[in-house]
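Presented below is the structure to which this report refers.
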Amino acid sequence: MIPPSEKSPHSKRVLVLGATGTIGRATVKALVDRGHEVVCFLRTKAGFGVDHEPDERSRLLHGAALRFGDVTDPASIDADGFHGEKFDVLVSCLASRTGAPADAWAIDYQAHCHALKAARADGVEHMVLLSAICVQKPLLEFQKAKLAFEAELIASGMTYSIVRPTAFFKSLSGQVDRVRRGKPFLIFGNGELTACKPISDRDLGAFIAKCLDDPDCQNRILPIGGPGEAITPREQGECLFRLLGREPKFKHVPVALLDTIILTLGLLGRLSPRLRAKAELARIGRYYATESMLVLNPETGRYDAAATPSTGSDTLFDFYGELIRGEAKVERGDHAVF
């Protein structure tokens, strides 16, 4: 339970999209703990990542009412989601599963447009949108789709809070098992090409929930990271080896290798839709291997750790310790490419 001082001063009725992901679940918990009435609109066959069965949804979204339908169908959003009832806030943690172009435009843009239209018709006054800090430098289709909806939301006249978090713990934990098995930690270049301020699901969920009550979080784009200094991939690897009591062992992967893979898949993708999709996933991988998840200074074109706000108390290195001790697990599913 959260302290009484952190409870919402005014309980609101909230419709949540994207509640089945780890961030969505953390957001629902934070909203419920703050005293809001929460309704989650879920896919009929919604599961919870790779380790949970659908029948666990009531437990994982404890305290929230569950409704089912199709977020890509405007009629379903209206009839099954809003259901002719009044809501104060629409919160979306919805995102495309892989970032592939067709999926991105269908979910990150079009489904959100349908939801926004239904929310405005319902009289909803405020929308809180989970976006991503990487849209600052939109080189990929999913980033362009997210930006396109951000523009729609801002132009709608509705009060908005656009939350752009930095890297997630689950996105930075893919090599824990690899290192535990005695293999080297993979880094691109010298391991210092990028940096980020990782944020936990719990801290991000609490920040999203705070947006409902904090005027400073409204009608704003909100970049946000976790506590502490920005960290590089090399520092992530060094921490893992230290926690395991081993000498650091790195394998350097040249960025040029990714370029070769992208070029090859791109050429083959002219003949195969499957390989074309793989080429896009490789481009996403390259982006995260070479771009920092920090605030981008538009004047200098450089990422600025000092300008990237921090929140919460959970640290990535503490999370690594929990993973190694078996006290936590990572659900990455379709996002394993990251």
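The values are calculated or read from the model by the stated rules, or taken from the named source; none is laboratory data. Note that the structure is a prediction, hence the values are computed from the model and not measured. All Cβ positions, even for glycine, are placed from backbone atoms using ideal geometry, and neighbour counts span all protein chains on display. Calculation scope for accessible area: heavy atoms of the full protein, side chains included, ligands and nucleic acids excluded. Shrake-Rupley method; radii C 1.70, N 1.55, O 1.52, S 1.80 Å.
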Vicinal HN-Hα couplings computed from phi for region 169-181 (Karplus, 6.51 cos²θ - 1.76 cosθ + 1.60; Hz; Gly/Pro x): 4, 5, 6, 10, 10, x, 9, 4, 5, 4, 5, 4, 7
Note on region 154-227: contact order normalised by length, alpha-carbon pairs under 8 Å, 6 or more apart, percent, works out to 54
Based solely on C-alpha atoms, express the radius of gyration and the Dmax of region 213-293 in angstrom. 18.9, 52
Cα-Cα longer than 19 Å, checked against Lys278/Lys329; Lys29/Lys210; Lys137/Lys197; Lys7/Lys329, kept in input order, equals Lys278/Lys329; Lys7/Lys329
Under 5 Å from the placed amide H of Arg220, counting only residues 5+ away or on other chains, we find Tyr160, Ile162
DSSP-defined beta bridges in the chain - what % are antiparallel, rounded to 5: 10
Amide proton proximity set for Ala195, modelled H, under 5 Å, gap of 5+: Ser292, Met293
Calculated from DSSP helices alone, with each H run of at least 4 adding -39500 (n - 2.57) and the total divided by the residues of the chain, [θ]222 nm to the nearest 500 comes to -10000 deg cm²/dmol
Output the direction-averaged projected area (hull surface divided by four) of the convex hull of the alpha-carbon atoms of region 61-202, in nm². 11.0
Tell me which aspartates and glutamates have Cα within less than 14 Å of Lys86's Cα, excluding those fewer than 8 residues away on the same chain? Glu37, Asp78, Asp122, Glu125
Relative contact order (percent) for the chain, with alpha-carbon contacts under 8 angstrom and 6 or more residues of separation? 18
Ignoring ligands, DNA and RNA, what accessible area per residue does region 240-315 give at 1.4 Å, in Å²? 62
Ranking request for peptides 298-305, 199-206: highest mean number of other beta-carbon atoms within 10 Å first, then the rest in descending order. 199-206, 298-305
Compute the semi-axes of the equivalent ellipsoid of the chain, taking the square root of 5 times each eigenvalue of the Cα gyration tensor, and list them largest first in whole Å. 33, 24, 20
Going by Cβ distance under 4.7 Å, what cysteines of the chain have no possible disulfide partner? Cys40, Cys93, Cys113, Cys134, Cys196, Cys239
Report in % the part of the accessible area of region 114-203 that belongs to carbon and sulfur, leaving out ligands and nucleic acids; probe 1.4 Å. 50
Quantify, in whole percent, the carbon and sulfur part of the accessible surface of region 236-291 (1.4 Å probe; protein heavy atoms only). 60
To make sure I understand the rule: partners must be lysines, Cα under 19 Å from the Cα of Lys183, and not fewer than 8 residues away in the same chain. Which ones qualify? Lys249, Lys251
Going residue by residue through region 25-39, the Karplus relation 6.51 cos²θ - 1.76 cosθ + 1.60 with θ = phi - 60° gives ³J(HN,Hα) values, rounded to whole Hz and with x marking Gly or Pro, of 5, 5, 5, 4, 4, 5, 5, 5, 4, 7, x, 7, 8, 10, 10
Which of the aspartates and glutamates could a cross-linker span from Lys146 if the Cα-Cα distance has to be under 12 Å and same-chain partners fewer than 8 positions apart are dropped? Asp103, Asp108
